1. Rounded to the nearest 0.05, what FRET efficiency do S115 and K79 have when you use their Cβ-Cβ distance and R0 = 35 Å?
2. Under 5 Å between amide hydrogens, which residues at least 5 positions from D82 or on another chain qualify, with H placed 1.01 Å from N in the peptide plane?
3. For an R0 of 30 angstrom, estimate the FRET efficiency from the Cβ-Cβ distance between R30 and V108 and round to the nearest 0.05.
4. Work out the charge dipole of segment 31-105 with +1 on the Cβ of Lys and Arg and -1 on the Cβ of Asp and Glu about the Cα centre, then indicate which of V48, V37, T64 is farthest towards its positive end.
5. Over 31 Å between Cα atoms: which of K44/K67; K29/K68; K41/K61 fall into that group?
6. Exactly which GluC sites (Glu not before Pro) in segment 41-109 are in a DSSP loop and have at most 16 other Cβ atoms within 10 Å?
7. At a 10 angstrom cut-off on C-beta neighbours, averaged per residue, how do the peptides 92-98, 64-70 rank from highest to lowest?
8. Take segment 31-105, drop everything but the C-alpha atoms, weight them equally and run the Debye formula without solvent; then report log10 I(q)/I(0) at 0.26, 0.27 Å⁻¹ to two decimals.
Amino acid sequence: MAEATNTVTLADTAAPDKTVAKKTMTAGKRKQRVGEVVSNKMTKTIVVRVERRFPHAQFKKIITSYKKFYAHDEKAEAKVGDTVRIEESRPLSKLKRWTLVEVVERAVPVTAVAS
């Protein structure tokens, strides 16, 4: 004789609007990168250079490669030289797919020496 097992699924416990339950279940973690601001000359946009270090596949020498990301900076708080954390987001324009999360470290302002 087969025994009936009591299994509860998400559909059984969800509210009548099941689209809300599905949306929260599919949301995953977004990628984050830390890099240096190279440019902030565009309105609400910064260009962040992210450094990636890895050993060469054959020769094992450490290689440094850089990649530039265009990120959305709503409050225009990042300046050139700052170290920032950016997070993946939906496409905001042709090139922007990242948003500024925080300014990790401020750049030291350079003062001009009077001649």
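1. 0.85
2. So D82 has HN proximity to V37, A107.
3. My answer for the efficiency is 0.50.
4. Of the candidates, T64 comes out farthest on the positive side.
5. Beyond 31 Å: K41/K61.
6. E74, E77
7. 92-98, 64-70
8. -1.14, -1.21
We did not get these values from a lab; they are worked out from the coordinates using the rules stated. On a predicted model such as this, the values are computed, not experimentally measured, just so you know. Cβ: placed from backbone, ideal geometry, glycine included. Neighbour counts: every protein chain shown.
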